[in-house]
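One structure below.
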Amino acid sequence: MSSSLNVAIAQLNPTVGDLPKNTDRALQVMNEMDAAGADLLVFPEMFIPGYPAQDLILEDHFVADNLKMVDLLAKSSGEMLTLIGAIHFDGSDTYNAVAVLQNGQLKQWVHKSLLPTYDVFDEWRYFKPGRDNQPVKIKFRNGQTLDLGIHICEDLWDEDIDYKICDILGDSGVDLFINLSASPFVTNKYIERSLLISNKVKKYHKPYIYVNLVGGQDQLVFDGMSMVADKSGAWIHTSPQFEECISQLELPLKTAVKKGIKLRVIPKDEQIFKGLVLGVHDYFRKTGHSKAVLGLSGGIDSAVTAAIAAEALGASNVLGIAMPSKYSSDHSVEDAELLAKNLGIKYLNVPIATVFDVFQETFTEVLSAPLDGLPEENLQARIRGNILMSFSNKEGSLLLSTGNKTEIALGYCTLYGDMSGGLAVISDIGKRMVYALANYYNQIQGADLIPQNTISKVPSAELRENQVDPFDYEVVAPLVNSIIEEHSDVKSLIAKGWDPELVLELLNRVRINEYKRQQMPPGIRVSSKAFGIGRRMPIVNSYHQNNKNTK
C-alpha cells in the first residue's frame, strides 16, 4: 500500500458572486486532475461563492444557488477526493465550510471554527462557528484510508485563542493537516503563515497542506503562496505569489524528504508592486472595465500609478493626461510627456488656464474679486478632476486617483479634485514607498522609464508660485505609518523620539480629515491597516490625545 498521496493544489482566482463561472472552473480542474491520477484535489476557502461575499450571504437565494453548485460538483466527483470551500446552510444556521466530495457524493461538510471579526473581516455577521469538527476518514483511490484534519483559514491562527481546532484535530490522531484559506495579502504575511504551519507540524509530526486564494476583490488582494510541508516541517512545495497555479505533487505521509526547498525571501517592494498590479488588473476585469485614465503631473505619485496601470492593463489601455496651469513648471510637463512615451501609454496635453480664467471671471462678477489662497489652489484641482471624469465618461474608462497614504492621512488632497476616481491605486503606500516602487520598477525594466528628474525633484502640487509640499516626507511618512498601522499613541510616539509638537499636529490632521477619506475611491490594501473597510473611524470625533503625563 502506498505511503504517499498524489496531491493537486488549485490556487485559483474566483469572482465573488459568479457562481456558474467559479463552478465551471472547479469542474474543469476536477476533470483534469482526476484524469492525471490525483488522489486529492484542494481548492481555497469559499471558492464557489468567492470571498468575501459580504452581505450577499444574507440573501437566501444566493446561499441556495451556492448549494446547487456544490451538488453539481458532488455528482461529478469520482474516486479522487475534492475539497472545496462553499457556504453551508443546514436549515437553521449558516457556516463558512468545506464540501468533501467523492464518488458522486457530498460526503461531509466541515465547518470553520474560528471566525475573524477584526480589520477587514466580519465573519460573525454571517456565520456560526463550527464546534463539532473531527478528523474526516477517507479511503483514497490508491487503497489507503487516512484521517484528515481539515480546517479553514483562521483556524490556523489559533496560538492566542483558547479554542484550538488544530490541537483538537492533532490530538485525535490525524494523518494529514489540510487548510483551505482565503488570507488577504499584507507584506510578508506569507512568512507569518509559514511559521504557524511549522509550529503545527513540529508539534504533531504530520504533513501539512495549505491552499490559499489568489486574486483581487474590491479593496483586497489575495497572494496565493500555497505551501506544503512534510512531516519533518521541510517545505516540499510553494506556489507562486500573485499567480494562479495548479500544482500536482507526491506527498510522503510517513517519511521525510531528503532535502526540502527554501521559502523564498521576497523583497518588500516586489511584493507591493506585484500586489498592486494584480489588484488593479482584477478590479478592472471583474467590474467589466478595460481602459484607465489618470492625470499626469510630472510627479512621482502619478508616475508610479501610471506604471502600475500599464503593467496591469497593457500600455495601450492607459491614457495619461497632463493638465498644466499657469503655475506648472516646464519640466513637469516635459516629465509627464517623457513618462508616457517611455511607458508606451496614450498621452494628451489639456491646459486648464482658459477654464480657470472663466471660473475666476465668474467669481469676480459675484464676489467682486477672484478666488485666492487655498480656494484658488483647490479650484485648479477640481477643474482637473472634472476634465479627467469627462474623459472617463467619454471613453468608458475608469479614472485612477493618484494620492498616496501619507498625503491622504494628512488631508493633503482635494475632494472632487485629485481624489476623484474609481480606484485609488497607491492609497495604502506611504510617500517613501512610492519612491522605492519607482526605483524598483526602473530596476526590473532595466531602464529609467520613470524619469530620474521625476524621482529626484522636490515634490510640489504646483498650485501657486514657488510651491513645495509642506512636509519632510522622510520624517512624516514613517510617523504617519506608526499612527495608522501601529495604532501608536502620543506617549509611545514621543518615547520613540518623535517631536511632541509634530506628533500632536499629525494626530490632529489625521483626525479632522476622516470626512475626506470616507468619500475617496476604494483603495488596494497592502499594509496591515489600510483606509477603507479595515479602518472604521467616526467623522464626528471630538477625542483629542495630548502629551500630558507622558514622562
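List of remarks:
- Extension gain for the segment MET389 to ASP162, taken as residue separation times 0.36 nm less the Cα-Cα distance, is 76.6 nm to one decimal.
- Degrees between helix 268-287 axis and first principal axis of the chain (Cα, 0 to 90, nearest 10): 90 degrees
- Residue ranges 530-542, 158-170 sort as 158-170, 530-542 when ordered by packing (mean number of other C-beta atoms within 10 Å per residue, highest first).
- Cβ charges +1 (Lys, Arg) and -1 (Asp, Glu), total dipole of the range 34-184, debye: 660 debye
- Rounded Å value of the spacing that divides the Cα centres of the range 452-511 and the range 237-308: 29 Å
- Each stretch of four or more DSSP H residues adds -39500 (n - 2.57); spread over every residue of the chain, this sum gives -11500 deg cm²/dmol at 222 nm.
- Per-residue Karplus couplings for the range 494-501, computed as 6.51 cos²θ - 1.76 cosθ + 1.60 with θ equal to phi - 60°, are listed in order as 5, 4, 7, x, 6, 4, x, 5 Hz, Gly and Pro entered as x.
- 5 angstrom amide H check on GLN217, placed H, neighbours 5+ away: PHE222
- Sorted fewest first by neighbouring Cβ atoms within 10 angstrom, LEU101, LEU73 come out as LEU73, LEU101.
- Our coupling estimate for the range 74-82, obtained by passing each phi through the Karplus curve with A = 6.51, B = -1.76, C = 1.60 and θ = phi - 60°, is 4, 5, 8, 6, x, 5, 5, 7, 10 Hz, Gly and Pro reported as x.
- DSSP-assigned coil residues among GluC sites (Glu not before Pro) in the range 394-468, each with at most 10 further Cβ atoms within 10 Å: GLU465
- Coil-residue chymotrypsin sites (Phe, Trp or Tyr not before Pro) of the range 356-437, DSSP, other Cβ within 10 Å capped at 14: TYR416
- A DSSP coil position with no more than 12 other Cβ atoms inside 10 Å describes the following GluC sites (Glu not before Pro) in the range 1-66: GLU59.
- Under 29 Å from the Cα of LYS394 - lysines, other chains or at least 8 residues apart: LYS286, LYS291, LYS326, LYS341, LYS346, LYS516
- For the range 4-255, the antiparallel share of DSSP beta bridges with both residues in that region comes to about 70%.
- Straight-line reach from LYS262: taking Cα to Cα under 23 Å and skipping same-chain neighbours fewer than 8 places apart, the lysines in range are LYS189, LYS200, LYS202, LYS203, LYS206, LYS231, LYS254, LYS274.
- Gyration tensor (alpha-carbon) shape descriptor, the chain, a/c threshold 1.5: prolate
- Placing R0 at 45 angstrom, the Cβ-Cβ distance between SER542 and ASP93 gives a FRET efficiency of 0.65 after rounding to 0.05.
- Cα-based helix-to-principal-axis angle, 431-445 vs the chain, degrees rounded to 10: 70 degrees
- 5 angstrom amide H check on LYS291, placed H, neighbours 5+ away: LEU398
- DSSP bridge pairs, the chain: antiparallel proportion in percent, nearest 5: 60 percent
- In order along the range 36-52, the phi-based Karplus estimate (6.51 cos²θ - 1.76 cosθ + 1.60, θ = phi - 60°) of 3J(HN,Hα) comes to 7, x, 5, 7, 9, 10, 10, 9, x, 4, 6, 5, 5, x, x, 9, x Hz; Gly and Pro are listed as x.
- Set of lysines with alpha-carbon distance to LYS496 below 22 Å, sequence-local pairs under 8 removed: LYS405, LYS431, LYS529, LYS548, LYS551
- Förster-model FRET efficiency, 56 Å R0, GLN467 and ASN199, C-beta, rounded to 0.05: 0.60
- The DSSP beta bridges internal to the range 166-278 are antiparallel in roughly 70% of cases.
- Sequence-distant residues sharing a close amide H with SER328 (under 5 Å, placed H): none
- Estimated dipole of the chain in Debye, rounded to 20 [Cβ of Lys and Arg +1, of Asp and Glu -1, Cα centre]: 1320 debye
- Footprinting exposure proxy for MET520, MET69, MET225 (fewest neighbouring C-beta atoms within 10 Å first): MET520, MET69, MET225
Bear in mind that the values in this text are calculations on the coordinates, not laboratory data. All of these numbers come straight from a predicted model, not from anything done at the bench. Reconstructed Cβ throughout: ideal geometry from the backbone, glycine too, with neighbour counts over all protein chains shown.
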